[in-house]
1. For the range B:3-30, which positions are within 14 Å of chain A (Cβ to nearest Cβ) and touching a strand residue (DSSP E or B) at 6+ places or on another chain (Cβ under 9 Å)?
2. Need at least 3 residues that are at pLDDT 95 or above and under 30 Å from A:ARG117 (Cβ atoms) per element, so show me which helices (runs of 4 or more DSSP H) inside the range B:1-100 make the cut, counting only ones lying wholly within it.
3. What are the pairs with Cβ atoms under 7 angstrom where one residue, in the range A:650-675, is aromatic (Phe, Trp, Tyr) and the other, located anywhere, is part of a loop (DSSP other than H, G, I, E, B)? Sequence gap at least six, or different chains.
4. State yes or no: is B:ASN187 within 14 Å of chain A (Cβ to nearest Cβ), under 13 Å from the mean Cα position of the chain (by Cα) and not acidic (Asp, Glu)?
5. Among the residues of the range B:46-69, what is the count of those that are touching a residue at least 40 places away in the same chain (Cβ under 8 Å), surrounded by 14 or more Cβ atoms within 10 Å (Cβ to Cβ) and within 22 Å of B:GLU12 (Cβ to Cβ)?
6. From the set of residues in the range A:38-82 that are aliphatic (A, V, I, L, M) and in contact with a Pro (Cβ under 8 Å, 6 or more places away or on another chain), which is farthest from A:LEU218 (Cα to Cα)?
7. For the range A:355-452, which helices (runs of 4 or more DSSP H) that fit wholly inside it have 3 or more residues that are at pLDDT 95 or above and polar (S, T, N, Q)?
8. Keeping to the range A:631-673, report how many residues are surrounded by fewer than 24 Cβ atoms within 10 Å (Cβ to Cβ), within 14 Å of another protein chain (Cβ to nearest Cβ) and either in contact with a His (Cβ under 6 Å, 6 or more places away or on another chain) or not in a helix (DSSP H, G or I) (or both).
Amino acid sequence: MTGKELRIVGRRVRKVDGIELVTGQAKFTADMKLPGMLYGFARRAGQPAGKLEGVKKDEALKIPGVVDVLTAEDLPGPNLIGVLPPFDQPVLATGDIRYAGESVAFVVAETREAAKRGAAALDVRITEVPPILTVDEALGDGARKIHENGNITFSRKLIKGDADKALAEAPVVVENTYETSFQDHAYLEPETDLAVPGGDGRITVYASCQSPFHLRGLIAANLSVPAGRVKVVQSNTGGSFGGKDDVAVEIGILAAAAALRTGRPVLVAHERGESMVGSNLRHASRITITTGATKEGKIVARKIKIILDGGAYASESPFVVMKALIHAAGPYLIPHVFVESTAVYTNKTYAGAFRGFGVPQVTFASESQMDELAAKLGMNPLTLRKINALRPGDATATGQVFKQSVGLLQAIEILEKERLPEKPEDPSDRYLYGTGHSCMLQGISNGAEGVDVVGATVQVSQDGSALVGLGLTELGQGSRTVYAQIAAEELGIPLETVTVRQVDTDSVHDSGPTVASRSTTVGGMAVLKAAREVKESLLDMAALMLQTDKKEIYFQDGFAILSKNPDARIPLREVATAAYWTGHPLMHLAFSKAPEAKYDHDTHQGSIYIAYNFGAHRMSIRIDRWTGEVRVLEHLAAHDVGKVINPVGLEGQVEGGSLIGYGYAHMEKIEESRGIIRNANFADYAVPSIKDRIPTRTLVVEEANPTGPYGAKGVGEPPVAATAACFANAVSDALGVRFTRLPVTRQDILRALQSGAATHGGDKNG
Amino acid sequence: MVTAYRPATLQEALSMLKETDGIPLSGGTDLMVRLRAAPGTPARFSRPLVYVGSLPELLAVEHSEGGSWSIGAGVPLSDLLKLKGLPEALGAAIREIGSPAIRNTATLGGNICNASPAADSLPALLCLNASARIAGPGGERLQSLEDFITGPGKTALKSGELLVSILIPPAPPMKLFYRKIGTRRANALSKLSVLGMVKIENDTVKDLRLAVGAAAPKVVRIPEAEKSCIGRSVSQVAADHHTLLSMYREKVRPITDQRSTAGYRERTALRLIEEFLTKELSP
């Protein structure tokens, strides 16, 4: 785009904020200790359904150290958490108790222990109501309504062509139903917010959060003050993956309300158990797919029904419903598609945003069925995918056509070129080997889910260094590094001289939430535009100084250089200083606005996303028939990312996302009985450890995306779905039996071997 | 409120334990978690706590020239791993307990007295024929660990008694077989573990010990089964492993809980025992 070789973009660079993090110097919210600081702790309902009859504070207030107790009536505003319609979630329960983790009162005290004791001492009266714990119960005739509007949170249809007719005529048809479990984000740092009253009528909230402007808006609304009175500062955030949104809002409101009442700083730092019980999970799902194809393997139609268990509150369910709807048919050219996607309320911990956002569920289902279809056709599973893969110019399930940046075929071809790992000699017959594939697509940025604008500032100081600010947050994904690279590239200054500031809502433009793999694509574009504006101003100055036309000048390594004679150069710090003294602007706010989604709301036909990331994965595994243990021998993850900005960051995203997908597919399962989560701790909830890391190899396809900086498109979410799906296919391949439910644990594997369901390596020998 | 005492001497600790019916506390890695009523709530103690982690008797480690060990019940696990010549089986088991941070504070005595069927040190200590040195109002007594653990969460400690140290008699060098199956590959509680030790000379089994953890209310060790292998050739044992397995099948009585299913545990335990008896014995 610049017409010259990129010098910093595309280079392997270390995370700009990495050293502080790995050496423990980085401070997190809970590291802050302020004079007079109080500790807040919520009393939770403890039962999944009921009527809250009342909360008596007296006994709690008698506990030494307890300063204040808040119930719903003590919140000045609307008592609301949700960021989306139907706005159905209270901060503190008022009448209905809808899940066991629901906060009913908030105790603040001089110490954390006192706050906990106060919470335990509260007299909370709840009349039990039989909980609704499955989607079938919720959808059953005459089921009790969990919310006024019934038990369907949100439902949408996608209609392309006539799927019923095409299926009736299809020579080959496969049908199956697939299920997935809830998953916890399991970030290292549980949710933490600290509210500090300013003494100037304002309040500052330091938050481990994903979308600071959600906090600002909802904290202000619930305090009944103008938004400008609230300043939210995003602290270093130890992971989020979609999780630190609703719950960060909840504890931010509670901390801020208590801080205003007491005039003292209030810290809320969740423990692991609170984090798992009281913040959103990934939706559990049940997905039925029917696929029709020709004998040659050309898919003619897919009919898909998706039911998502959204738990007690809507949270992001409406958008997850849409994302699942749009992605369920997979990255294939299919003339006839019908999808119905529905989220349902149950009396369980609510489900919401989680890396992948509905795509991991449908990709597992869709890609499992691709293997089933391949088996029925007697065809190589990868060949089947290749035949049907979307190519440039093809219409997606929503009828959207991308003329470029559709690199699925290239990703598949990379896999085809890679030889399968050698199968070692195994005279003991103890091990089973299998290989699984998956293909997927993931819409980049908000698309149909709302406006898609990022405002970024680039400010050059007199010393020639740059400060970048934008409203998207660094959550460990490496976005600061990407922004720094882009600013350094555009301004021709060393990477080390660029600083990407912490997000605080006073100082940056509301850029929407940091979600949907959009930071590099939309955020990066805004930084690029702002940097170019500042550069124009500096070029004007340099032209005056070098007494030439600015077209004759380029910036590199911190110098303004004359193209004709590179020895003629002025340090950029001198250019910047001169610009300051002569009034050439050194700062610019630029907006990047993605093209708007245009589609029919009844059929979801139209343009939905600005781009898709396409991926093809392959995983080879070894299963120990005796213990069910799975060893991943090789995992290839090929993604079309448009353009790699930082190869190290890309690999980090792909490896991290893959491990989340692997945990999802094999290890992690929320164990719940009678509406109570029984394994709300890391001893019993098996999130992978560093030793469970799988040997993921990142393979890159670069089909330039015209809507991203340098052609880039996001990659944060896609590896999760692709990994989970190819794991399930690999296990199914090894055992010769189809697993239709995630996770596939080692217990499930052993059970399949024992019951004789497995056609390979079964228990014929005892 | 929690009442806690910090005795300076063993005598003081014993009288406090007796007077207050207190709970001995050292690293607290099991106790604090076990007594937490619900996520986020403080631990609830029905009885006072007596902190025994700084008593000299509980921190002493002795290694005799003859090869026996006396290990203070309050020594952090990570300190044990630094000891030269620590029995290999015990080292292997400890390395798989928790994370480095947990091992820095958790103690061997705590792992034993918590008496979880999944306690990772127990299969090793039982195979090493370890015993417990117990101090109480009436003086000291010794009890084999086999008898010391009486059931899930239960020990033979009487009111006012304290586990002071663990005695491990000298053991000949033996080949170790250890398989721990956890929820993940590190920092995991055991779904199941199998620990075997064997001494083979001239293809003949001279000594064999085998323990199964997390597969029954107590660690499973069957002396008759072990004895029946001694004096036989490796190939005889392997050929006859079905008889041995049926003995273990009788005793392996796992439960289903949040970490695994009874079926998985039983089946996998027997498979791993089979692996030990058939594959690991051969040099």
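1. Let us first name the residues in the range B:3-30 that are within 14 Å of chain A (Cβ to nearest Cβ), namely B:4, B:29-30.
Of everything in the range B:3-30, those that are within 14 Å of chain A (Cβ to nearest Cβ) and touching a strand residue (DSSP E or B) at 6+ places or on another chain (Cβ under 9 Å) turn out to be B:ALA4, B:THR29.
2. Details: elements: B:10-20, B:31-34, B:56-59, B:77-81, B:88-95.
Those helices (runs of 4 or more DSSP H) span B:10-20.
3. From residues that are aromatic (Phe, Trp, Tyr), the pairs are A:TYR662/A:PRO688; A:TYR662/A:ILE694; A:TYR664/A:LEU742; A:TYR664/A:PRO743.
4. Values: within 14 Å of chain A (Cβ to nearest Cβ): yes; under 13 Å from the mean Cα position of the chain (by Cα): no; not acidic (Asp, Glu): yes.
The answer is no for B:ASN187.
5. Of the residues in the range B:46-69, 10 are touching a residue at least 40 places away in the same chain (Cβ under 8 Å), surrounded by 14 or more Cβ atoms within 10 Å (Cβ to Cβ) and within 22 Å of B:GLU12 (Cβ to Cβ).
6. A:ALA49
7. Values: elements: A:359-377, A:381-388, A:408-417.
Of the helices (runs of 4 or more DSSP H) lying wholly inside the range A:355-452, those with at least 3 residues that are at pLDDT 95 or above and polar (S, T, N, Q) span A:359-377.
8. Counting residues in the range A:631-673 that are surrounded by fewer than 24 Cβ atoms within 10 Å (Cβ to Cβ), within 14 Å of another protein chain (Cβ to nearest Cβ) and either in contact with a His (Cβ under 6 Å, 6 or more places away or on another chain) or not in a helix (DSSP H, G or I) (or both) gives 7.
The values are calculated or read from the model by the stated rules, or taken from the named source; none is laboratory data. This is a predicted model, so every value here is computed, not measured. Quick reminder, even Gly has a Cβ in these numbers, built from the backbone with ideal geometry, and neighbours come from all protein chains shown.
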